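The values are calculated or read from the model by the stated rules, or taken from the named source; none is laboratory data. Everything numeric in this text was worked out from a predicted model, so none of it was measured. Positions of Cβ are generated from backbone atoms using ideal geometry, with glycine treated the same way; all protein chains shown enter the neighbour counts. What goes into the accessible areas is simple: the full protein's heavy atoms, side chains included, and nothing from ligands, DNA or RNA. Shrake-Rupley method; radii C 1.70, N 1.55, O 1.52, S 1.80 Å.
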Amino acid sequence: MSTSRKVALRAELDASSRKLEQGDRIGAFAHLERAHIIGQLSFLDHVLVHIHMLRVAATGRDGREIRGQIIRLLATIPGHLFGWVPIGNTGGSNVSPIKPMPIPADLTAHFQGFSLRRQVARQWLIVIALALAAFAFAAFALR
């Protein structure tokens, strides 16, 4: 992830935390929706944002949002492995988890040069390399 994306993601997460500390769950979640759009570009960041969304939902005891975030957390794994990431989606349970959405104008710069196809190919190479390493380790250990 580029430095500007990291900075933008961190800024949204920090703003969300401040809003939550002030008791403003709606404001906190609004920043997390923006963080989600940026975070979709990276598997770990995507998971991190959904964990934050789950935390906000839990503080408000919002059962619908809690269930929605648990489902979305589980869906990030196949989503990133197979390229089922609906770019621009805000990540809350109030929207379809498979619906691409327009990217806010001030966030579009973070998507310059981004290729979901290239990202999926890179992730599959990592998965294959890890599987081969595990297989080689197991074969060596069984000798």
Based on the mean of other Cβ atoms within 10 Å per residue, sort peptides 95-105, 29-39 so the most packed one is first. 29-39, 95-105
Taking Cα atoms, how many degrees apart are the long axis of helix 25-39 and the longest axis of the chain, rounded to 10 and kept between 0 and 90? 30
Taking protein heavy atoms only, a 1.4 Å probe, and rounding to whole percent, the accessible area of the stretch 7-143 owed to carbon and sulfur comes out at 68
From the Cα centre of the stretch 64-143 to that of the stretch 1-39, the distance in Å is 19
Apply the a/c threshold of 1.5 to the C-alpha gyration tensor of the stretch 56-140 and tell me whether it is rounded, prolate or oblate. oblate
Below 8 Å between Cα atoms, with a sequence gap of 6+, how large is the relative contact order for the chain in percent? 18
Separation of the Trp124 and Leu74 label points, Cα + 7 Å toward Cβ, nm: 2.5
In degrees, nearest 10, range 0 to 90: what is the angle between the Cα axis of helix 43-59 and the longest Cα principal axis of the chain? 40
